[in-house]
Amino acid sequence: MCGNNMSAPLPAIVPAARKATAAVIFLHGLGDTGHGWAEAFAGIRIPHVKYICPHAPTMPVSLNMRMSMPSWFDIYGLSPDADEDEAGIKRASENIKALIDQEVKNGIPPHRIILGGFSQGGALSLYTALTTQQKLGGVVALSCWLPLRKSFPQASANSANKDMHVLQCHGDADPLVPFVFGSQTAEKMKSLINPANITFKSYRGLPHSACPEEMVDVKRFIEKQLPPISDE
């Protein structure tokens, strides 16, 4: 059942401090779980926002000698010309779209939902945002890249999210997903959606991880894109 979200435990959730009128769905990186990110968001929580940090299913990962670990899809290599697990990426993306649909059923409109992730999770969040028909509140993409980038036309004029706001963050000392991948991804995104809505932030000396300064930037982005509703 690899790639089917039935094989993963229920997401780690940070509930809203009051009635949830907005949500953040955030996807962890390879080999991780949602728990650490739920803790990170608990530290920067906004009262009306619910944070959902799902766990990837466990599967063998080619990059790591076929060892089984939490992974949204298979990774064959980290070079820009490495083959990609197209079927796995698309399957994982459908699972994330189902999570978004579930929140919409729970009463949160799609434009009040931010999708985000770190590393492999950030890659999946970008791909999902560009392929979903739901008009999202924005994307937070940390230390990541755009998967299947050659499959996108230069202008996604028919994309529901062509005007979405994107916050992309990357450490300039990242040894796993090189900084240049992040900057090239930001340039590619500018050819796909409104370039004025893409913010790319770099962090001096930051390796393949997050830092407090970055989390403050993430909180500010969420506050701006998901403001309180006037009757809250």
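The values are calculated or read from the model by the stated rules, or taken from the named source; none is laboratory data. All values reported here derive from a predicted model rather than from experimental measurement. With ideal geometry, Cβ positions are generated from the backbone for all residues, glycine too; neighbour counts draw on all protein chains shown. Surface accessibility is based on the protein's heavy atoms, side chains included, excluding ligands, DNA and RNA. Shrake-Rupley method; radii C 1.70, N 1.55, O 1.52, S 1.80 Å.
Filtering L115, L78 for residues that are touching a residue at least 24 places away in the same chain (Cβ under 8 Å), buried (at least 24 other Cβ atoms within 10 Å of the Cβ) and under 20 Å from P147 (Cα atoms) leaves a single hit, L115.
One line per residue, one yes/no per condition, for (1) at pLDDT 95 or above; (2) crowded, with 16+ Cβ neighbours inside 10 Å; (3) over 15 Å from the mean Cα position of the chain (by Cα); (4) closer than 20 Å to A38 by Cβ:
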{"site": "S143", "(1), (2), (3), (4)": "yes, yes, no, yes"}
{"site": "S151", "(1), (2), (3), (4)": "no, no, yes, no"}
{"site": "A160", "(1), (2), (3), (4)": "no, yes, yes, no"}
{"site": "E232", "(1), (2), (3), (4)": "no, no, yes, no"}
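One residue stands out in segment 174-232 among those that are among the aliphatic types (A, V, I, L, M) and free of Cβ contacts under 8 Å to residues at least 12 places away in the same chain: the one that is farthest from A129 (Cα to Cα), namely V180. The set of residues from segment 96-112 being closer than 29 Å to D74 by Cβ and touching a residue at least 60 places away in the same chain (Cβ under 8 Å) comprises I96, A98, L99, I100, E103. In segment 37-105, counting only strands (runs of 3 or more DSSP E) that sit wholly within it, the ones holding 3 or more residues that are closer than 18 Å to I222 by Cβ span 49-53.
Every residue, every condition in (1) in contact with a Leu (Cβ under 6 Å, 6 or more places away or on another chain); (2) more than 27 Å from R91 (Cα to Cα); (3) in a loop (DSSP other than H, G, I, E, B), yes or no:
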| site | (1), (2), (3) |
| --- | --- |
| Y127 | no, no, no |
| L146 | yes, no, yes |
| L167 | no, no, no |
| S183 | no, no, no |
| G205 | no, yes, yes |
| R220 | no, yes, no |
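Here's the yes/no breakdown for (1) farther than 19 Å from G29 by Cβ; (2) open to solvent by 40 Å² or more (accessible area, probe 1.4 Å); (3) small (G, A, S):
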| residue | (1), (2), (3) |
| --- | --- |
| F181 | no, no, no |
| L206 | no, no, no |
| P212 | no, yes, no |
| Q225 | yes, no, no |
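Taking P54, is it within 14 Å of the chain's Cα centre (by Cα) and under 26 Å from H208 (Cα atoms)? For P54, the condition - within 14 Å of the chain's Cα centre (by Cα) and under 26 Å from H208 (Cα atoms) - is met.
Kindly indicate whether P212 is over 28 Å from A40 (Cα atoms) and over 17 Å from the mean Cα position of the chain (by Cα). Judged against the criteria, P212 is not a match.
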